[in-house]
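The values are calculated or read from the model by the stated rules, or taken from the named source; none is laboratory data. Every value quoted in this text rests on a predicted model; they were computed, and no experiment measured them. A quick note on method: Cβ atoms are made from the backbone with ideal geometry, for glycine too, and the neighbour counts reach across all protein chains shown. Quick note on the areas: whole protein, heavy atoms, side chains included, nothing else; ligands and nucleic acids left out. Shrake-Rupley method; radii C 1.70, N 1.55, O 1.52, S 1.80 Å.
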2 protein chains.
Amino acid sequence: MTPPPQWVKDLKPSGPQGSDLLKAERAKSKINVEKLSEFLFTKAELERKERILNILMAEKVFDKSNNYFDGRVDKFKTALARAKRMRQLQVKHNWTADDYMVADSLISEPGPYGLHASMFLTTLRGQGTPEQHKLFLEPAENYKIIGCYAQTELGHGSNVRGLETTCTWNPEDKTFTLHSPHLTASKWWIGSLGRTATHAVVMAQLFIKGRSYGPHPFVCQIRDMKTHQPLDGVYVGDIGPKFGYNTMDNGFLLLNKVKIPHINMLAKFSSVDPETGKYLKPSSPSLIYGTLTWVRSTIVLQSGGVLARGVTIATRYAAVRRQFQDRDSTDSSGSENQVLNYTMVQFRLLPLLASCFALHFTGKAMMELYQENQKNMQKVAEGNADSNRGAGPEEIHSGSDLVADLHATSCGLKALGSTTAAEGLEVCRRACGGHGYSQFGGIGSWYADYLPTTTWEGDNYMLTQQVARYLLKSARSVLKGDAPSNDTTRIFTTFLKKQDMGAAHDVLGSDSDLVAAFAWRTSFLTFEALKHRDLEKGSWNSLLVDFWRLSTAHSQYLVVKNFYEALQDESLRYSLDPETISVLHNLFRLYALNTLEKEASEFYSSAAVTVRQIQLARTKSVMKLLEEIRPHALRLVDAWQFPDWQLDSSLGRKDGKVYEDMFYRASQLNPLNGLTIDPYPDSDVLVKNDETAKFKAKL
Amino acid sequence: MTPPPQWVKDLKPSGPQGSDLLKAERAKSKINVEKLSEFLFTKAELERKERILNILMAEKVFDKSNNYFDGRVDKFKTALARAKRMRQLQVKHNWTADDYMVADSLISEPGPYGLHASMFLTTLRGQGTPEQHKLFLEPAENYKIIGCYAQTELGHGSNVRGLETTCTWNPEDKTFTLHSPHLTASKWWIGSLGRTATHAVVMAQLFIKGRSYGPHPFVCQIRDMKTHQPLDGVYVGDIGPKFGYNTMDNGFLLLNKVKIPHINMLAKFSSVDPETGKYLKPSSPSLIYGTLTWVRSTIVLQSGGVLARGVTIATRYAAVRRQFQDRDSTDSSGSENQVLNYTMVQFRLLPLLASCFALHFTGKAMMELYQENQKNMQKVAEGNADSNRGAGPEEIHSGSDLVADLHATSCGLKALGSTTAAEGLEVCRRACGGHGYSQFGGIGSWYADYLPTTTWEGDNYMLTQQVARYLLKSARSVLKGDAPSNDTTRIFTTFLKKQDMGAAHDVLGSDSDLVAAFAWRTSFLTFEALKHRDLEKGSWNSLLVDFWRLSTAHSQYLVVKNFYEALQDESLRYSLDPETISVLHNLFRLYALNTLEKEASEFYSSAAVTVRQIQLARTKSVMKLLEEIRPHALRLVDAWQFPDWQLDSSLGRKDGKVYEDMFYRASQLNPLNGLTIDPYPDSDVLVKNDETAKFKAKL
């Protein structure tokens, strides 16, 4: 591609210019963006982001110009170079774990050390003995060995107890033998395993003298430390291209009777006595499940920001993009309307903007609850030691209602939060019209990379069973009268007291009634499900759809409640001006009323509200809220503080130079334009001239 | 990647084998797959597909082994080679247009001749004079020139009248000057333009003596016929990577005062008198809009099959994949349950299976209606000639109620059909769990390539305004008493007669009442919208969300009605056995009742049904239908007759060898496994050994 001639360089977009439109948009609102950002993230976090952003932007290897063009192999090579540099910077600047996470989030692509830095180190740290820390954790922390966490198999995902890989104790030489008895035993989807890892924590069924003791973690070296070639009996590789996440080498692993020493079984919680071959039971499995709760809570907290990226891009572009005149317009100039002015666009984008805030506040509350409960759980776990081997989390937690509540809450909110974010991103992408389909839009690849979150750490549909199980149990204890005092049992008790009188929630006039209506619906659905299960003896399988609805309803209640409570907080009035607070209240109402209207059927049938109220919720309240929030839309997305460098989006540019950027990327960065072809079918020549490689070199 | 050692080759998936599971599934049902396929597609069409499949499979260039691995540039090169070979085969085998379309569908990727073979030829044929046919169409049909259709611009999509490219008549030398006055005037998204086309039909605002006559089509040569380099004043290239569709070179085009001769304005409908410079009005613009209606009808017809690919893959895999024991199971063997047995999976997949049939029958009915109306429209158009210049389709069609009905129907169904297919494919992908995220699953890339269909040929949200406008107009004429007799006015009349008595549709007991309930809801929403617009004088913009709901409701009614009518057809009893007919009736009910339940709120508030009926619809009817349809699921997807070669999916293999195929592709075809890296961050060596190119060579 030759550089554009002068006449092309002289062209500007037709007016009004995007930059002027965004300026005008920002002038419509008095929200103090900086204060709102600090309220959402704290000043310290914003400064951290700024500091790390400057470090990254100065490094050529992190330049993003080529990201949307590379094929899989080149993508992976670049990601590896970036991962190495990230580690070097971490050492150089003495980055904390939080610093590292911020850098990772700014780069916004999964990298080949991803599972080493997270699950491998966490597992070694949490499940290894001091001796094992010395042997494995120390070199791993210094990147002398690179590891991964190999649990999922070709034939088994969610059902961990069904894993096929075996690990057999050999009393004669005090070793274990790891083995893949079938093709479906192949480890699969293991991040960082495909090309990168030297070691793996392998989850395998422990066998001692022919008896099975369930899945346990074993450290296994898989590649030579010098040649990086697979060791004998190890067949390992990358599982191939995915819908997204292609900078990561998710891998497979088959093991053919691979011997490992006794010390390689991670032994903090359970172990095998090397002398007697006796199995020693786990001392506190709750702590393991605590990690899962923490991971899910993190997903909830992140889901607001994940979605906010898409909403930022789509909202900014909707303010720059103009299509058609308003049909009732009397303006004869023919000037077109910003698409953000159309109610159909507002109806698609602004409830998602409200969701970003709702999920953010919910995630923060979850994290606080998690921290509080950690101490409590420690005590419970110590008290319950040795009594729960092999049981699932729902049974394990029976000793502690707080833990059970947190577990169920994290399951339900993980499912709701990640589904909302993933599906919301696609709504944002489509709201950008045709250009949303271009990779330069910046939403498509972000969406594609995020999608696995709906499946991992508990499939979003599977998780809803955990929530339902917990709610049914709580309902039973309320009926029996031996319920602990917590929010769930409180709303159930209220429901039972009032159900014959009816509810009469003033959802349009009172915010607390709005929260109560969501609580009412959860309670109604819980007791309905309980009736089906306990009285009508419905099979578990026949109730799965009900459980899924119940879990969704309950999680929506939690989000509404958390958003409401965040706005009641005293600190609000000291941090924010009244106008901003009022807009946040509108966002709360928009989230709640829009959800109520979308799920209308359950609100009717539970008699939480009347048909008339629902109709009004949409035709009056929601439409009015859209109108009231619309002038603040730009400043509200600005408050999420995504640097352009992070968004990497033509459509979402903070300065509104959408079309200039689209054109620059297409004409000056796009390697395909280095290819001159022979277009005629009767010629066997495909390519007349291939200069595609020059584009790569230029960057 | 070295070939797998013998111990790997010896491994099989753990039992039961996928092939046995699928055999057992097929044995559960007595549906005659062959007969059902012939009923859906006709025997002749199935034979055509078989014949062409065999031709394509014998050609090395169409081998799909490398499809999921290539980067953009390689993808495009391969697609060009395939496009050339397709054209050669077309000539060699004397393929008809239908043959070509079948080949295209089997290859299943957009190719660089895509817009040449469709819009370029169609436009030349439909809008050119005999002289222009000789000059442009003949060489185009022989691929001596390769063209594209350049309408959309960087700054304008849906609003064609807002296009910025100008074409000015030069009386002095009887030429036109094509020009891009702004950057946003750049043509954008133009298929086949980026690297392939030699010519373009450019839509530009015609100016004569300073006066604008609106957008018209002009033929413009853009590249040299020998060197394939852009001509002077032409700046053209590929617009860059997209979320999908990367085998196509969607392009941009800027023109700097490019002169074209008088003959290059396509002049069948309107033209400029070369002597006087007088503008000659279009003679029958309806015919142009007829093409759009045809394109939309095609999208409706295809949407069923598009979705059926995903449903086929997900259903087959759900029969092979096993996870967990049923919770109530008393089986102590520990053997796991096929995921298709879980009601949560059935609830996600089987209504989509029903949608495939519903959309297929609706599309067929649309096409028949279109053919019938073509003759009628021809007459109307001739009668109305010269009276409608520059008006949009809604005004143009006012002379013919049938045409207006078809236009509105095609808009609404295009939106509903393509949205259902696109979103349904993503549901199918997620229903495959983790493996659905692998490209080997075969749904992801198919979905990504299909997505633009929700935006092009009328954005799915924009189109709903056309439907609402038509329904409002029909309602007004029913109120006035001057309505033509058609289905729409008939259901409105029924509604007006009965609205005070209430409806009392027996949706659970009677299929015709089920159809009537959908008609009732459409009517209710129409008269509500009419009240807001005509009585309360609500602005058009304030009603867009109502219009979108109305259009969706009306289109769902049409699908339910068409599905119902297809099952009333006499031919059914001669073509199919009673068991198959009964299953089709169940699919009809599942589609209708599941839709009714999902959209419950509008069915309540219109009083089409009672709250109790809706509750029963889900808890009893839908769940029971899932149970009844489930044993037939495999045979029902088999009836869509997708060859494995077309699906290109490990998960959707007809023989159930899911895991073997996943493993083969990952370990033997995946180029990334040719890369041996240095994994340590303190080493600047990235790659120790790069054999990735060998994979390409091997294929």
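Things to note:
- Computed over neighbours whose Cβ is under 10 Å from that of B:Gly128, the net charge equals +2, Lys and Arg +1, Asp and Glu -1.
- Partner chain coverage, peptide A:343-352 - average Cβ within 10 angstrom: 3
- Residue-level accessible surface for A:Ser271, protein heavy atoms, 1.4 Å, Å²: 20 Å²
- Accessible area that becomes buried as B packs against A, both chains, 1.4 Å probe, Å², nearest 100: 12900 Å²
- Taking every alpha-carbon pair under 8 Å whose residues sit at least 6 apart, chain B reaches a relative contact order of 16 percent.
- With protein chains left intact and a 1.4 Å probe, residues in segment A:117-280 average 34 Å² of accessible area per residue.
- Principal axis dimensions, segment A:77-218 - Cα atoms, whole angstrom, descending: 51, 33, 22
- Shielding by partners, peptide B:325-331 (average Cβ within 10 angstrom, other chains): 3
- Comparing the protein assembly as shown with the 2.2 N^0.38 Å rule of thumb, its C-alpha radius of gyration ratio is 0.92 (two decimals).
- When only Cα pairs below 8 angstrom with a gap of at least 6 residues are kept, segment A:117-280 shows a relative contact order of 25 percent.
- Mean ellipticity per residue at 222 nm, deg cm²/dmol - from DSSP H runs of n ≥ 4 across chain A, formula -39500 (n - 2.57): -16000 deg cm²/dmol
- Between A:Glu628 and A:Ala504, the simple label model (points 7 Å from Cα in the Cβ direction) yields a spacing of 2.5 nm.
- For segment A:328-379, accessible area per residue (1.4 Å probe, heavy atoms of protein chains only), Å²: 40 Å²
- Average beta-carbon neighbours from other chains, 10 Å sphere, peptide B:540-548: 6
- One quarter of the surface of the convex hull around the alpha-carbon atoms of segment A:427-479 equals 5.2 nm², the direction-averaged projected area.
- Between amide H atoms placed 1.01 Å from N, distances below 5 Å from A:Lys242 occur with B:Gln439, all of them 5 or more places distant or on a separate chain.
- Distance from segment A:113-148 to segment B:625-699 (C-alpha centre basis), Å: 31 Å
- For the protein assembly as shown, the dipole from Cβ point charges (+1 on Lys and Arg, -1 on Asp and Glu) about the Cα centre works out to 740 debye, to the nearest 20.
- Long-range Cα-Cα pairs in segment A:1-130 (distance over 20 Å), rounded percent: 66 percent
- The rule of thumb for compact globular proteins, 2.2 N^0.38 Å, goes into the C-alpha radius of gyration of segment B:170-271 1.12 times.
- Inter-label distance, nm, simple model (7 Å from Cα along the C-beta direction), A:Asp74/A:Leu231: 3.7 nm
- Heavy-atom surface analysis with a 1.4 Å probe gives chain A a carbon and sulfur content of 52 percent of its accessible area.
- Taking θ as phi - 60° and the Karplus parameters 6.51, -1.76 and 1.60, the scalar couplings of segment A:126-134 work out to x, 10, x, 7, x, 4, 5, 4, 4 Hz in sequence order, x denoting glycine and proline.
- Between B:Leu206 and B:Cys167, B:Tyr213, B:Gly214, B:His216, the built amide H atoms are under 5 Å apart, and every one of these is 5 or more places off in sequence or on another chain.
- Each part reduced to its alpha carbon centroid, segment A:303-324 and segment B:551-577 end up 40 Å apart.
- Whichever lysines have a C-alpha closer than 24 Å to that of A:Lys43, once near sequence neighbours (fewer than 8 apart) are set aside: A:Lys30, A:Lys35, A:Lys364, A:Lys654
- 5 angstrom amide H check on A:Cys148, placed H, neighbours 5+ away: A:His199, A:Ala200, A:Val201
- For chain B: rounded, prolate or oblate by the Cα gyration tensor [a/c cutoff 1.5]: oblate
- Buried on assembly, segment A:610-635 (at least 10 Å² less accessible surface than by itself, 1.4 Å probe): A:Val611, A:Gln615, A:Arg618, A:Thr619, A:Met623
- Its relative contact order, with pairs defined as Cα atoms under 8 Å and 6+ residues apart, puts segment A:286-354 at 29 percent.
- Measuring r between the beta carbons of B:Glu138 and B:Val91 and using R0 = 22 Å, the FRET efficiency lands at 0.90.
- Look at where the Cα atoms of segment B:329-356 and of segment A:10-49 average out, and the two centres are 49 Å apart.
- Karplus-based coupling profile of segment A:174-187, in residue order and whole Hz: 6, 10, 10, 10, 8, 8, 9, x, 9, 4, 5, 6, 4, 4, with θ = phi - 60° in 6.51 cos²θ - 1.76 cosθ + 1.60 and x standing for Gly or Pro.
- Computed from backbone phi, the HN-Hα couplings of segment A:3-10 come to x, x, x, 4, 5, 6, 4, 6 Hz, rounded to whole numbers (Karplus: 6.51 cos²θ - 1.76 cosθ + 1.60, θ = phi - 60°; Gly and Pro given as x).
- Applying 1/(1 + (r/R0)^6) with r as the Cβ-Cβ distance of B:Leu292 and B:Glu423 and R0 = 25 angstrom yields a FRET efficiency of 0.60.
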